[in-house]
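Below: the structure, in structure tokens.
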Amino acid sequence: MTAKKRISFFLILVLSVSLLFPALKGWTQTEMDFIGELKLYSKALGVILQAYVGNVNPRQLLYEAVRGMLVSLDRFSEFIDPEKYKLLKMSMKGEYVGIGVKLEMIEEFPFVKEMQPGSPAEKSGVLIDDKILEVDDRSVKGLPMQEIASMLRGEEDVPLSLLIFRAATQETLEFEVVREKIMIEAIKDVRLVGKAIGYMRVDEFSEHTAGQFDEAYAKLKAQGGKALIMDFRNNQGGLMTAAVDLAERFLPEGKRIVSVDSKIPEQKKEYVSSGKKLIKDGFPLVILVNQLSASSSEIFSSAMQEHGRGVIVGMKTFGKASAQSVVPLDDVSAMKFTTARYLTSQGKVIDGIGIEPDHVVENGPPGTPGSDKQTVKALELLRKYM
């Protein structure tokens, strides 16, 4: 790095500091201490750029420094690299542009294991269990799943070619699939059990979760559903506001859903039901949870339990009562770190503790007959609707 480039680099650092703190006058001691630490960081960075024997990418050094800072905070804070940032934005928004398939890697090749109804892949003739050999004439053998998934995503209305092997007919086939905007299914396996018990599995909380619930509930009600089982097992959360929005469907006006403590004024608030989205049927509700039910699923479940709106069945939940904010670092990467902690509707601390179900039920070994004892218990509680 030339002397001119080094000067420009340090000017950028100084500019960054000025953006963080609008004026030098009146700085607190903490802010002055921060400047001292920043000088130390810039010194270390400058020495590495000048003296390290190999080639150095300054942006990568910054990424690694930020990664180290975030890891030191808590287990939920992390640096999000460009590829992971794309996936995170997709998950929060609840949609992406692609072909609508879920893959499973078997012996170095991806196989189509799930396909959304009406997806571009389905419309093009792709079938479940098809083995993908090439994407846009590039072999996918041995590639990481994340890289293959990235190849399938892209711009809307832009086609891609798939070369697949279909074991059922022993054919190698080529398809042109046009990418479309795909809404991620947050709510799956919507069905009626017995005479009038509705069942739905809620996998995550995104911008579309409450809307998908409305559609699923309307479908079950039209089929004669008069009671509901909501399955939050393995649901590790998502958007906190999505959990609040879903809780609005179940609680009348004036009921506290969750309270949030944060240094950020916009985040520090109590969420209280407005009554505007309330489903007035008053149907019985059973919620299934397990050790991996966390964060937003705990917000919803605790509100239902504490207000007597639903009965919880399963195992004690994970116990994650903190909220992480995603702050872009540049155009392609971001920082995710804890900016808030929440209390249940009754002011209980569940961080590191979890929620105790009303009926503690442990499932049997997976794959054995009758292993899903939690669902059996839920049906037992709603037996009159069977």
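The values are calculated or read from the model by the stated rules, or taken from the named source; none is laboratory data. Predicted model, so just to flag it, every value in this text is computed and none were measured. Every residue, glycine as well, gets a Cβ built from its backbone with ideal geometry; the counts of neighbours run over all protein chains shown.
Things worth noting here:
- Whichever residue in the range 325-343 is under 17 Å from Q236 (Cα atoms) and hydroxyl-bearing (S, T, Y) and, among such residues, is surrounded by the most Cβ atoms within 10 Å (Cβ to Cβ): Y342
- Pair list, Cβ under 8 Å, 6 or more apart: the range 50-64 residue free of Cβ contacts under 8 Å to residues at least 12 places away in the same chain and outside the structural domain of L40 (by TED's automatic domain parsing), other residue loosely packed, with under 10 Cβ neighbours inside 10 Å and assigned to a helix (DSSP H, G or I): none
- Any hit, the range 273-280, residues being part of a strand (DSSP E or B) and surrounded by 17 or more Cβ atoms within 10 Å (Cβ to Cβ): no
- Filtered residues of the range 350-373 (kept if among the β-branched types (V, I, T) and modelled with pLDDT under 90): T368
Each row is one residue, and each column tells you yes or no for (1) buried (at least 22 other Cβ atoms within 10 Å of the Cβ); (2) at pLDDT below 95; (3) part of a loop (DSSP other than H, G, I, E, B); (4) in the same structural domain as S295 (by TED's automatic domain parsing).
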residue: R233; (1), (2), (3), (4): yes, no, yes, yes
residue: T241; (1), (2), (3), (4): no, yes, no, yes
residue: D245; (1), (2), (3), (4): no, no, no, yes
residue: V258; (1), (2), (3), (4): yes, no, no, yes
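- When residues of the range 298-314 are limited to those that are crowded, with 21+ Cβ neighbours inside 10 Å and among the hydrophobic types (A, V, I, L, M, F, W, C), the one farthest from E380 (Cα to Cα): I299
- For first residues located in the range 65-88 and closer than 24 Å to E37 by Cβ and of a type in the set (D, E, K, R), partners that are modelled with pLDDT of 90 or more and not in a strand (DSSP E or B) and lie 6+ apart or on another chain with Cβ distances below 6 Å form the pairs E78/L70.
- Scope the range 63-113; condition modelled with pLDDT under 85, not small (G, A, S) and not in a strand (DSSP E or B); matching residues: D81, P82, E83, K84, Y85, K86, L87, L88, K89, M90, M92, K93
- Test: residue in the range 246-269 that is within 30 Å of K195 (Cα to Cα) and under 19 Å from the mean Cα position of the chain (by Cα): yes
- Residue check, E380 within 25 Å of K226 (Cα to Cα) and surrounded by 17 or more Cβ atoms within 10 Å (Cβ to Cβ): no
Residue-by-condition table, conditions (1) in a strand (DSSP E or B); (2) out of contact with any Cys (no Cβ under 8 Å at 6 or more places or on another chain); (3) not assigned by TED's automatic domain parsing to the domain that holds A247:
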| site | (1), (2), (3) |
| --- | --- |
| Q146 | no, yes, yes |
| R191 | yes, yes, no |
| K195 | no, yes, no |
| Y199 | yes, yes, no |
| A210 | no, yes, no |
| F213 | no, yes, no |
| Y217 | no, yes, no |
| L220 | no, yes, no |
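- Residue check, L343 in contact (Cβ under 8 Å) with a residue 24 or more places away in the chain, assigned by TED's automatic domain parsing to the domain that holds M304 and over 21 Å from S295 (Cα atoms): no
- Inspection of the range 88-102 finds no residue satisfying the criterion of being of a type in the set (K, R), more than 26 Å from G211 (Cα to Cα), outside the structural domain of R153 (by TED's automatic domain parsing) and surrounded by fewer than 17 Cβ atoms within 10 Å (Cβ to Cβ).
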